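Student: A single structure is presented below for examination.
Read the figures in this text as sums done on the coordinates, not as results from a lab. Computed from a predicted model, the values in this text were never measured in an experiment. Positions of Cβ are generated from backbone atoms using ideal geometry, with glycine treated the same way; all protein chains shown enter the neighbour counts.
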Amino acid sequence: MEKIEERNNELLKLKLTTGNIVQTLNASKKRLNRLIMESETLKGMIIEKQALTKKVCEEVDSIEVEKVKVKKANSALSKQIEESGMPEVLEYVTQKATANQVQKDLLNYERKVEISEMEVRRRRTQMRTGTQGSSRTGTGRTGY
């Protein structure tokens, strides 16, 4: 009977050890399943990020191509502006101010000419009226 009891104790120890091992195995399985699911989620995220990276790279490439085109167009337009003989802004402002001053001067001279013509007409009229009413003595000028 001693042997039976020994064997029963041994069997009991094995059952306890087996129970502990089964619990550890189950915990490890749960942990493994959780890690596998996390791994699958991360793989999906990596695939999304790679697709996004590829799309961004394509956009960057297309923007660089467009940048080159715009630079060429810009240089062509700059060259065209230089060749067109268009004045610089400051030069244009100066020319415009000079043109306005010349216009003002022209108007002033036209007024002066009108005033001079009126004075000539007035003096001629005075000379006619002055010479008709009196005998000609002197130069013919009346008071001037």
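Student: Taking square-rooted eigenvalues a ≥ b ≥ c of the alpha carbon gyration tensor, is the stretch 87-131 rounded, prolate or oblate, where a/c under 1.5 means rounded and, failing that, a/b exceeding b/c means prolate?
Tutor: Verdict is prolate for the stretch 87-131.
Student: Working out 0.36 nm times the residue gap between L106 and K49, then minus their Cα-Cα distance, what length gain in nm do you get to one decimal?
Tutor: 13.1 nm
Student: Turning to a different aspect of this structure: Treat each spin label as a single point 7 Å out from the Cα along the C-beta direction, and report the S39 to Q80 distance in nm.
Tutor: 6.2 nm
Student: Near K55, which lysines are there with a Cα under 22 Å away, not counting those fewer than 8 places off in the same chain?
Tutor: Leaving aside lysines fewer than 8 places away in the same chain, those within reach of K55 are K43, K67, K69.
Student: Set the Förster distance to 35 Å, then compute FRET efficiency between A99 and T125 from the Cβ-Cβ distance, nearest 0.05.
Tutor: It comes out at approximately 0.35.
Student: Given the Cα-Cα distance of E114 and I4 and 0.36 nm per residue of separation, how much length would full extension add, in nm?
Tutor: Length gained, E114 through I4: 24.7 nm.
Student: Mind checking which of G130, G85, G44 has the largest fluctuation in a GNM of the chain, springs on alpha carbons under 10 Å?
Tutor: G130
Student: Still on this structure, I have one more. For semi-axes √(5λ) of the Cα gyration tensor in Å, the listed values are (i) 31, 23, 15; (ii) 123, 20, 9; (iii) 63, 11, 10; which was obtained by calculation from the structure presented?
Tutor: Correct label is (ii).
Student: Can you tell me the orientation of helix 2-84 relative to the chain, as the angle in degrees between its alpha-carbon axis and the longest Cα principal axis, to the nearest 10?
Tutor: Taking the Cα atoms of the chain, the angle to 2-84 is about 20 degrees.
Student: Indicate the gyration tensor shape class of the stretch 42-98 (rounded, prolate or oblate), computed on the Cα atoms with a ≥ b ≥ c the square roots of the eigenvalues: a/c under 1.5 is rounded; otherwise a/b larger than b/c is prolate and the rest oblate.
Tutor: Here the stretch 42-98 falls in the prolate category.
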